[in-house]
Amino acid sequence: MVSIVLEWLFPFPCVAMFTTLLMLIGGLLGYLYGPYWGLRKVPGPPTLPLVGHLPLLAKYGPDVFSLLAKQYGPIYRFHMGRQPLILVADPELCKEVGIKKFKDIPNRSIPSPISASPLHQKGLFFTRDSRWSTMRNTILSVYQPSHLASLVPTMQSFIESATQNLDTPNEDIIFSNLSLRLATDVIGEAAFGVNFGLSKPHSVCESIKSVSVNNVRNDDDEVSDFINQHIYSTTQLKMDLSGSFSIILGLLAPILQEPFRQILKRIPGTMDSKIESTNEKLSGPLDEIVKRRMEDKNRTSKNFLSLILNARESKKVSENVFSPDYISAVTYEHLLAGSATTAFTLSSIVYLVAGHREVEKKLLQEIDGFGPPDRIPTAQDLHDSFPYLDQVS
């Protein structure tokens with residue numbers, strides 16, 4: 001009798017459906033809030049399901065990060081969709097995290113724009129486990145102060161080339177384009193040992209996207225094509241809701257990003273298809289540059305690519321770690337990360353200083369007081385003789 005009553009009150013199909021529903025809800029909540037749980041004690045604004053803090057980014061733009069830093073302190077949480085990020089808004093803490101503690105932060109989470117680009121996943125920043133350690137230890141010498149100091153003359157030559165005749169054009173100069181040209185040239189020389197020639201005076205006022213073979217000092221067609229694809233690829237790595245559909249989906253539901261990317265990249269006209277085409281065109285010139293440098297037996301170790309190849313051939317590192325595709329990716333990573341961030345920093349500084357005339361005046365006084373215009377500063381001069389410039393930057 002009791003069993004009959006229980007079966008009448010709680011029919012088995014209903015119990016099974018209710019249990020399944022609870023498991024689905026629990027799994028969904030675990031998927032959405034699993035990454036958050038380990039960082040729940042880090043301060044940050046309340047999050048919305050799926051979109052996280054993206055509405056705040058859409059409302060305030062980049063200013064949202066300074067606003068949140070004032071409210072929550074120099075270390076706070078910001079959710080790009082489901083994925084929480086720890087943002088550090090203090091210069092000294094940034095040095096601590098980015099330099100001193102860098103070796104202690106392997107296996108980083110991969111943002112959705114990077115997930116949409118297999119090329120970028122093979123760079124140093126997103127490789128994992130023992131491969132990451134080996135790659136990091138191999139390229140560490142590139143960041144020694146002595147090597148960086150040796151690049152000052154290279155930077156000076158590109159700066160002089162880029163800033164010639166800036167007062168002669170009749171039309172306005174887009175400084176963000178100029179700074180991206182300059183940064184790409186400097187890092188292209190340091191990373192690949194290739195002079196892309198974007199800083200030549202006659203190309204200052206041209207759009208970056210219109211770089212032709214005639215504007216590139218290297219005569220190889222693949223270098224010109226590489227520059228065009230690099231610039232397009234840089235502009236498409238968007239951590240907001242203006243990216244491709246698969247990137248947006250990766251912010252909201254990362255598990256669905258790769259299946260949708262595989263489908264959409266095969267549909268002509270979609271943003272995913274364009275990004276896939278760009279990656280393929282980008283990989284070709286990269287592989288050609290690496291192949292040509294591998295065949296060059298007289299190369300030096302002054303640029304990043306040659307340093308890796310020399311270490312690989314001397315058996316200091318396994319060829320399996322630095323396979324050609326990883327060599328291409330980690331070298332390109334330096335060009336991508338360095339040029340985009342440097343250009344953005346330079347443009348932001350010029351924009352902010354232009355709005356504060358007293359800062360501009362004091363800055364120019366310090367620069368003019370260094371010496372005659374033709375005096376080239378050394379790395380030590382940059383460290384010791386420009387305290388106010390250091391504060392501004």
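Observations on the model:
- Residue check for residue 144: modelled with pLDDT of 80 or more and more than 17 Å from residue 333 (Cβ to Cβ): no
- Within the set 88, 142, the sole residue that is touching a Cys at 6+ places or on another chain (Cβ under 8 Å), on the phi < 0 side of the Ramachandran plot and crowded, with 16+ Cβ neighbours inside 10 Å turns out to be 88.
Each row is one residue, and each column tells you yes or no for (1) on the phi < 0 side of the Ramachandran plot; (2) of a type in the set (Asp, Glu); (3) at pLDDT below 80.
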residue: 63; (1), (2), (3): yes, yes, no
residue: 73; (1), (2), (3): no, no, no
residue: 79; (1), (2), (3): yes, no, no
residue: 84; (1), (2), (3): yes, no, no
residue: 98; (1), (2), (3): yes, no, yes
residue: 121; (1), (2), (3): yes, no, yes
residue: 127; (1), (2), (3): yes, no, no
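- Of all the listed residues (353, 321), the sole one being part of a loop (DSSP other than H, G, I, E, B) and not aromatic (Phe, Trp, Tyr) is 321.
- Residue satisfying all of: in the range 301-323; in contact (Cβ under 8 Å) with a residue 12 or more places away in the chain and surrounded by fewer than 15 Cβ atoms within 10 Å (Cβ to Cβ); farthest from the chain's Cα centre (by Cα) among these: 316
- Residue count, the range 238-269 (criterion: modelled with pLDDT of 85 or more, within 28 Å of residue 61 (Cα to Cα) and touching a Phe, Trp or Tyr at 6+ places or on another chain (Cβ under 8 Å)): 1
- Conditions (1) surrounded by 10 or more Cβ atoms within 10 Å (Cβ to Cβ); (2) modelled with pLDDT of 80 or more: number failed by residue 46: (1)
- Only listed residue being outside the structural domain of residue 316 (by TED's automatic domain parsing), surrounded by 13 or more Cβ atoms within 10 Å (Cβ to Cβ) and aromatic (Phe, Trp, Tyr), chosen from 78, 175: 78
- Among the residues of this structure, residue 164 counts as one that is in contact (Cβ under 8 Å) with a residue 12 or more places away in the chain, more than 30 Å from residue 276 (Cβ to Cβ) and assigned to a loop (DSSP other than H, G, I, E, B).
- Unique match (being modelled with pLDDT of 80 or more, part of a helix (DSSP H, G or I), in contact with a Lys or Arg (Cβ under 9 Å, 6 or more places away or on another chain) and hydrophobic (A, V, I, L, M, F, W, C)) among 190, 149: 190
- Of the residues examined, residue 93 is not one that is surrounded by 12 or more Cβ atoms within 10 Å (Cβ to Cβ), at pLDDT below 75 and either of a type in the set (Ser, Thr, Tyr) or part of a helix (DSSP H, G or I) (or both).
The values are calculated or read from the model by the stated rules, or taken from the named source; none is laboratory data. It should be emphasised that the depicted structure is a prediction, and the values quoted were computed from it without experimental measurement. Every residue, glycine as well, gets a Cβ built from its backbone with ideal geometry; the counts of neighbours run over all protein chains shown.
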